[in-house]
Amino acid sequence: MNEAHFVYIADVYCPWCYAFAPIMQKLAAEHPDIPVQVLGGNLISDAITLAEDVASSPGLTDFWREVEHASGRSLAGAIAAVEQGRDIRLSSPGADLVLTALQRLAPGHGLDQIVALEDVFYGQGQDLFTEEALSALARRWGVALDALMNEMQSPGTEQAAQAAHAKAAALMGEIGAYPSVFLVRGDKRDAVSRGYVHYETVAARLEDAMRDLGVDMEPGAACSWHGGCTVGRHSR
């Protein structure tokens, strides 16, 4: 991709990413001439169940309520899943395979696809990897469930997901701030969001970048599953 484009880096299980989704959608809608490339994250690199995670992190829902308060977006589905003890598997690499498979089968909808994947857990409080959830996602983009499952198991999809993660890690650098938004033009890239920030801040940073001010910044609000900005590990 050599033309000017956004690179949006988000993790399906990042609560700040779910909160940021409407801001990213607004940004994309206001700049339809700038394509959006979506790269998945690696926040929960080792698969874990929600029950196991809650047992080791009893303040998880309190943190999610802080995200709700800061962003104004409800995470009621995920909170209900914890309170009701639902059996849910969490895996960022697994979610990246679903995202990459959808991108390959129904290209050009990456932003809507990752927002839909985030909504399965945070909005609906459901397990992304159930047949019911995958069927609904496949239908939304006119894909047969079997085709989606086969694409998820394809070596090409796994390689593409790994390449996307490597590119995301290289762009973010030492601190993996989810979500991150970069405006990329050839070899030049400007960060317009590093961690959760409100729309007005993103819009101002984008305006600066478009005037070639080369503005970069340190990560903003906490961006991980539990609150810290880290990449490649399940931070507590």
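What to note about this one:
- Mean Kyte hydropathy of 0.5 or more with a Cα span along the axis of at least 15 Å, helices from DSSP in the chain: 92-105, 110-122
- Stretching the chain fully between M210 and E83 yields a gain of 41.2 nm (0.36 nm per residue, less the alpha carbon separation).
- Think of a 1.4 Å ball rolled over the protein heavy atoms: the chain then has 43 Å² of accessible area per residue.
- Carbon plus sulfur fraction of accessible area for the chain, probe 1.4 Å, in percent: 49
- Per-residue packing, averaged as other Cβ atoms within 10 Å, sorts the ranges 187-194, 111-118 into the order 111-118, 187-194, beginning with the highest.
- Projected-area mean, the range 4-154, by convex hull of Cα positions, square nanometres: 9.0
The values are calculated or read from the model by the stated rules, or taken from the named source; none is laboratory data. Remember, it's a predicted structure, so these values are computed and weren't measured experimentally. Reconstructed Cβ throughout: ideal geometry from the backbone, glycine too, with neighbour counts over all protein chains shown. Surface accessibility is based on the protein's heavy atoms, side chains included, excluding ligands, DNA and RNA. Shrake-Rupley method; radii C 1.70, N 1.55, O 1.52, S 1.80 Å.
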